[in-house]
Structure formats: C-alpha cells, structure tokens
Amino acid sequence: MMQRLYLRPSVALMTVLLLAQDPARYRELKRVVDHNTGHMHGVRGMNAFTQYALRECVTEKDFPVLGELLEDKDNITAMTASYVLADMGDSGRAVIETHIKTAVPVARRMMFEETLAYVRAPSYRPILKYPLTDADRRRIRGCRK
C-alpha cells in the first residue's frame, strides 16, 4: 500500500527557504554582522550597531537568507538575524516561529522566543528608529551599494 506524504506548512516553508539559497548574499549579510559586532571585556557581542547595520541592508526579499542566518553556527549571527526578522513585521516573525519549531538546540529556541517577546513589549522601538548620532551612523559598516 502506498503512503501519502503530507508536508506541514512549517516544513514546506523550511524547504522553500533552503532551496532559495544565495551564497553570495549570505556571505554579504554575514560580513555586515561580523563588521558591526561589538567587543567588550574580551567578549564578542551583538549591539545596536549590529542590528541597525543588518536591518538597513535587508528587505522582505532577504527572508530566505535571513532564515539561513538563523541556522548559522555563530550565535551572534543567529541572534542578530532573529532581531532583524522580528523587526520586519508578522512575516519576519513567522520565519522565526518556524525555526522555533524546528530548532534542535534548546538554547537556540529560547533565544528566538526571547526575541519575539522583546518585540512584543510595549517599550519596543523599531531598529531603524534607534537614536543614533551622525558619528554613530558613520561607524556602521553596512551593505555595499
């Protein structure tokens, strides 16, 4: 007897994300994160500049690549991608929610859940509305034009 194969919507979305890989765009966005990561007390970390730089570079067309960045082995890259996706509205949050269901490491799932909780807080401020000075904006190394 032949079994029918049914794909859950989350599996279908993951399949689309994985098939839509753009290695050059992935490398470019990863470079933006790496070049804007902060260093304090000998520890590398995400900060407002990291989020701002990546958010300024992406549109909804980049959802597949941002979804791939959620799977990156570097936690700073994954965290930055999650904050940027969450900032991009319901569609971006849906990508994160899909990854919550499929993320193997519990720490990754918790990171994504914290991101969603953060953007739902009443005090949340969209990334591109961060109060940056002109000097701050010059420090940000974003996507190549």
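See the values below:
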| item | result |
| --- | --- |
| Residue count for segment 63-84, restricted to those that are more than 8 Å from the chain's Cα centre (by Cα) and not acidic (Asp, Glu) | 6 |
| Set 81, 86, 107, 53: member being part of a helix (DSSP H, G or I) and more than 17 Å from residue 33 (Cβ to Cβ) | 107 |
| Qualifying residue in segment 127-135 (condition: at pLDDT below 95 and among the aromatic types (Phe, Trp, Tyr)) | yes |
| Selection within segment 38-65 - within 17 Å of residue 144 (Cα to Cα) and in contact (Cβ under 8 Å) with a residue 24 or more places away in the chain | 49, 50, 51, 52, 53, 54, 55, 56, 57, 58, 62, 65 |
| Positions within segment 110-132 being part of a loop (DSSP other than H, G, I, E, B) and either touching a Gly at 6+ places or on another chain (Cβ under 8 Å) or of a type outside the set (S, T, N, Q) (or both), in sequence order | 121, 122, 124, 125, 126, 130, 131, 132 |
| Sole residue being modelled with pLDDT of 85 or more, surrounded by 11 or more Cβ atoms within 10 Å (Cβ to Cβ) and within 24 Å of residue 117 (Cα to Cα), chosen from 13, 66 | 66 |
| Residue check, residue 102 buried (at least 20 other Cβ atoms within 10 Å of the Cβ) and either of a type in the set (Lys, Arg) or touching a residue at least 24 places away in the same chain (Cβ under 8 Å) (or both) | no |
| Check on residue 89, touching a helix residue (DSSP H, G or I) at 6+ places or on another chain (Cβ under 7 Å), small (Gly, Ala, Ser) and modelled with pLDDT of 95 or more | no |
| Considering residues of segment 126-140 that are surrounded by fewer than 12 Cβ atoms within 10 Å (Cβ to Cβ) and under 17 Å from the mean Cα position of the chain (by Cα) only, the residue farthest from residue 50 (Cα to Cα) | 126 |
| Single condition residue 138 does not satisfy, out of (1) in a loop (DSSP other than H, G, I, E, B); (2) over 17 Å from residue 80 (Cβ atoms) | (1) |
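The values are calculated or read from the model by the stated rules, or taken from the named source; none is laboratory data. Keep in mind that this is a model prediction, so the values were computed, not measured. When we count neighbours, we look across all protein chains shown, and the Cβ atoms used for this are built from the backbone with ideal geometry, even at glycine.
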